[in-house]
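The values are calculated or read from the model by the stated rules, or taken from the named source; none is laboratory data. In this text the structure is predicted, and so the values were computed from the model without any measurement. Every residue, glycine among them, receives a Cβ derived from its backbone with ideal geometry; neighbour counts consider all protein chains shown.
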Amino acid sequence: MATMKDISKKANVSLSTVSAVINQSAYVSPELTKRVQDAIAELNYRPNAVARSLKKKSTNTIGVIVTDILNPFYPPMIKGIEDVAFDHNFNVILCNTSNEHRRISTYLELMLEKQIDGLLLANIATTEDLKEIEKTGLKYVLINRKPPFYDKNFVGINNILSTELAVNHLVGQGYKRIAFFGGNLKINTARERRSGFISCMNQNGLEVDPTLIFEGEYTLESGYTNVKKMLKEVDALPDAICAVSDVVAFGVIKGLREAGIRVPEDIAVIGNDNSAFSENFLVPLSSVDHSTYEMGKLSMELLLQIIKEKHEITPRQIILTPSLVVRESCGYEKKHWVQ
């Protein structure tokens, strides 16, 4: 394998000139630069990444930690991160915790061993996890979720508005008795979306029936289990169901269909986050788009800004505005359905 000394000899230049060209650490005339580059190409030289990182005090690598890679929410976000990273010659190490707390510590140790330049973390919800992250001393940005009272770098969505958009659409379609299938209230996104549901129902003068409010997880299984519970325990079924996420809505629709209840003819369903599968689900799902690709893109751009600054920058919290996406699951006025 060729070395810098081989390049120096081949190009008939000093070792320091070769180093300056490779590391772009000093000015080298165009003529000498071309001789070095030609020698590199001819000898198929590959710089030692570890040695370069030690010299530059940078590995041009960032870590990304997500909670559940199987959730369709993540791929567009990760693509946004990776696209920006690629454009800036950064590498990405992706880690999936599978919603297991113990994995976070393991992956943080890995990131330190790899000497990454920064860290992006999606769906960190607890102060306990945040303390572990801050102990590393790594520069980081949180995405989508944040612990209570967190006021540092973050990119997310206006969760309250996302549910308000969903409820207002259902009300506009003539639905009045609306159920809410939420998430774990320990998580800020779940609390905020539930708050948006209740406040918007009140603004529209509609009753919030506590028997039609369900807590759970951001999973298909949670939506499925809760809809089965609703069908068993509730005397009067709702006109429509507002789900905390699209994955939960998928579980809701599965449970309703198994019970012989049609969507949207009998009960309308709307999701939240507009995942990649929603448009082509069994019943194309109305949802609220979170600009997930943009979320990933902006978080990577913010992290690069933090990495490049020698001094700490003023923390930024970027909150994106959601938008309604109407499909068949509740996208028509009730009067249009044949009973």
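Exactly one of these conditions fails for residue 149: (1) within 17 Å of the chain's Cα centre (by Cα); (2) at positive phi. Give me its number.
Status for residue 149: all satisfied but (1).
How about region 83-106: which of its residues are within 22 Å of residue 136 (Cβ to Cβ), without any contact (Cβ under 8 Å) to a residue 60 or more places away in the chain and either part of a helix (DSSP H, G or I) or within 10 Å of the chain's Cα centre (by Cα) (or both)?
Listed by number, the residues that qualify are 101, 102, 103, 104, 105, 106.
Yes/no matrix, rows are residues, columns are (1) closer than 19 Å to residue 308 by Cα; (2) at pLDDT below 90:
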position	(1), (2)
27	no, yes
35	no, no
44	no, yes
49	no, yes
53	yes, yes
59	yes, yes
65	no, no
76	no, no
82	yes, no
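Being touching a Lys or Arg at 6+ places or on another chain (Cβ under 8 Å) and modelled with pLDDT of 95 or more narrows it down to one of 298, 303, so name that one.
Working: 298 fails: touching a Lys or Arg at 6+ places or on another chain (Cβ under 8 Å).
Criteria check complete, one pass: 303.
Of (1) crowded, with 24+ Cβ neighbours inside 10 Å; (2) under 20 Å from the mean Cα position of the chain (by Cα), residue 302 satisfies all except one. Which?
(1)
Can we say residue 122 is surrounded by 20 or more Cβ atoms within 10 Å (Cβ to Cβ) and not assigned by TED's automatic domain parsing to the domain that holds residue 265?
Judged against the criteria, residue 122 is a match.
With respect to residue 146, is the statement that it is among the basic types (Lys, Arg) and either out of contact with any strand residue (DSSP E or B) (no Cβ under 6 Å at 6 or more places or on another chain) or more than 28 Å from residue 272 (Cα to Cα) (or both) true? Steps first, answer last, please.
Numbers: among the basic types (Lys, Arg): yes; either out of contact with any strand residue (DSSP E or B) (no Cβ under 6 Å at 6 or more places or on another chain) or more than 28 Å from residue 272 (Cα to Cα) (or both): no.
Criteria not met by residue 146.
List pairs: first residue in region 245-260 and assigned to a helix (DSSP H, G or I), second residue acidic (Asp, Glu) anywhere in the structure, Cβ distance under 8 angstrom, at least six positions apart or on different chains.
Between residues of region 245-260 that are assigned to a helix (DSSP H, G or I) and residues that are acidic (Asp, Glu), the close pairs are 246/273; 251/221; 256/266.
Would region 99-108 turn up any residue that is under 20 Å from residue 273 (Cα atoms) and either surrounded by fewer than 20 Cβ atoms within 10 Å (Cβ to Cβ) or of a type in the set (Lys, Arg) (or both)? Lay out the reasoning, then the answer.
Within region 99-108, the subset under 20 Å from residue 273 (Cα atoms) is 99.
Still in the list and also either surrounded by fewer than 20 Cβ atoms within 10 Å (Cβ to Cβ) or of a type in the set (Lys, Arg) (or both): 99.
Among the residues of region 99-108, at least one is under 20 Å from residue 273 (Cα atoms) and either surrounded by fewer than 20 Cβ atoms within 10 Å (Cβ to Cβ) or of a type in the set (Lys, Arg) (or both), which makes the answer yes.
Output the residue which, of all residues in region 214-231 that are surrounded by fewer than 20 Cβ atoms within 10 Å (Cβ to Cβ) and out of contact with any helix residue (DSSP H, G or I) (no Cβ under 7 Å at 6 or more places or on another chain), is farthest from residue 185 (Cα to Cα).
Taking region 214-231 as the starting set, the residues that turn out to be surrounded by fewer than 20 Cβ atoms within 10 Å (Cβ to Cβ) are 215, 219, 221, 225, 228-229, 231.
This time we only want the ones that are out of contact with any helix residue (DSSP H, G or I) (no Cβ under 7 Å at 6 or more places or on another chain), so: 215, 225, 229, 231.
Working: 215: 7, 225: 17, 229: 19, 231: 23 Å.
It comes out as 231.
Look at residue 116 and say whether it is under 10 Å from residue 63 (Cα atoms), in a loop (DSSP other than H, G, I, E, B), assigned by TED's automatic domain parsing to the domain that holds residue 314 and not aromatic (Phe, Trp, Tyr).
Working: under 10 Å from residue 63 (Cα atoms): yes; in a loop (DSSP other than H, G, I, E, B): yes; assigned by TED's automatic domain parsing to the domain that holds residue 314: yes; not aromatic (Phe, Trp, Tyr): yes.
It is true that residue 116 is under 10 Å from residue 63 (Cα atoms), in a loop (DSSP other than H, G, I, E, B), assigned by TED's automatic domain parsing to the domain that holds residue 314 and not aromatic (Phe, Trp, Tyr).
Return a yes/no flag: does region 166-179 have any residue that is farther than 29 Å from residue 302 by Cβ, surrounded by 18 or more Cβ atoms within 10 Å (Cβ to Cβ), small (Gly, Ala, Ser) and assigned by TED's automatic domain parsing to the domain that holds residue 228. Let's see the steps before the verdict.
Keep residues of region 166-179 that are farther than 29 Å from residue 302 by Cβ, which gives 167-179.
Keeping just the survivors that are surrounded by 18 or more Cβ atoms within 10 Å (Cβ to Cβ) gives 167, 169-171, 173, 175, 178-179.
After this cut, where a residue has to be small (Gly, Ala, Ser) as well, the list is 179.
So of that shortlist, the ones also assigned by TED's automatic domain parsing to the domain that holds residue 228 come out as 179.
Scanning region 166-179, I find at least one residue that is farther than 29 Å from residue 302 by Cβ, surrounded by 18 or more Cβ atoms within 10 Å (Cβ to Cβ), small (Gly, Ala, Ser) and assigned by TED's automatic domain parsing to the domain that holds residue 228, so the answer is yes.
Going residue by residue through region 146-165, is there one that turns out to be surrounded by fewer than 21 Cβ atoms within 10 Å (Cβ to Cβ), touching a residue at least 24 places away in the same chain (Cβ under 8 Å) and of a type in the set (A, V, I, L, M)?
yes
Of all the residues that make up region 165-222, how many are aliphatic (A, V, I, L, M) and assigned to a helix (DSSP H, G or I)?
Of all residues in region 165-222, those aliphatic (A, V, I, L, M) come to 165-167, 170-171, 178-179, 185, 187, 190, 198, 201, 206, 208, 212-213, 220.
Of the ones still in play, those that are also assigned to a helix (DSSP H, G or I) are 165-167, 170-171, 190, 198, 201, 212, 220.
The total comes to 10.
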